[in-house]
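Colleague: Dropping the structure in here first, questions after.
Please treat every number below as a calculation from the coordinates, not as lab data. For clarity, every value in this text was computed on a predicted model and none was experimentally measured. Methodologically, a virtual Cβ is constructed for each residue, glycine included, from the backbone with ideal geometry; neighbour enumeration extends over all protein chains shown.
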Amino acid sequence: MKILAVDYGDSRTGLATCDRTEFLTSPITPQITVKARDKVAARVCEVAKEIEAELIVIGLPLNMDGTEGERARKSRKLAKTVEIWSGLPVRMWDERQTTCAAADLLDESGTFGAKRKSILDSVSATVILDDYIQWRKEHPGEV
């Protein structure tokens with residue numbers, strides 16, 4: 001299944017996708033740099049159509065204790081808008097620690113400075129997508 005993953009942030013929104021076999025994930029660049037939720041939703045819907053996505057996974061930034069704060073509420077609002085506008089199913093996915101994992105990956109590859117800033121959120125979206133795909137493999141038949 002072709003999946004689009006979204007890491008929605010205050011300043012930038014990262015996107016990632018996978019091949020139809022759900023084996024390879026890759027970041028989509030450039031990141032979305034508009035901040036208005038409706039503009040972000042519109043761009044997410046455009047990309048979903050361009051890549052022929054069948055499902056959209058949006059990171060849910062939970063607090064470390066599992067509760068939801070303001071950032072999670074904003075992500076849920078984005079998800080609802082994207083679901084209505086795209087007509088695709090949208091799944092929220094726990095994104096705790098994904099930015100740290102993405103930063104570690106970029107450290108390992110020697111990516112720093114402006115280059116790092118320009119791709120960090122897209123790499124975070126890749127981590128979200130990798131986690132979701134792994135869960136799907138462990139829970140066949142579930143969305």
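Colleague: Provide the per-residue ³J(HN,Hα) series for region 75-82, in order, calculated from phi with Karplus coefficients 6.51, -1.76, 1.60 and θ = phi - 60°, each as a whole number of Hz, with x at glycine and proline positions.
Modeller: Result, rounded to whole Hz: 5, 5, 5, 4, 4, 4, 4, 4.
Colleague: Using modelled backbone amide H atoms (1.01 Å from N, in-plane), which distant-in-sequence or interchain residues come within less than 5 Å of Leu62's amide H?
Modeller: Glu95, Arg96
Colleague: Kindly provide the pair-distance distribution of region 27-71 built from C-alpha pairs, with 10 Å bins from 0 and whole-percent values in order of increasing distance.
Modeller: 21, 45, 28, 5
Colleague: Could you order the peptides 82-94, 61-73 from most to least packed, using the average number of other C-beta atoms within 10 Å per residue?
Modeller: 82-94, 61-73
Colleague: Could I ask something else about it? Taking amide H positions as placed 1.01 Å from N in the peptide plane, with prolines and chain starts having none, which residues 5 or more places from Gly9, or on another chain, fall under 5 Å of its amide H?
Modeller: For Gly9, the qualifying residues are Gly14.
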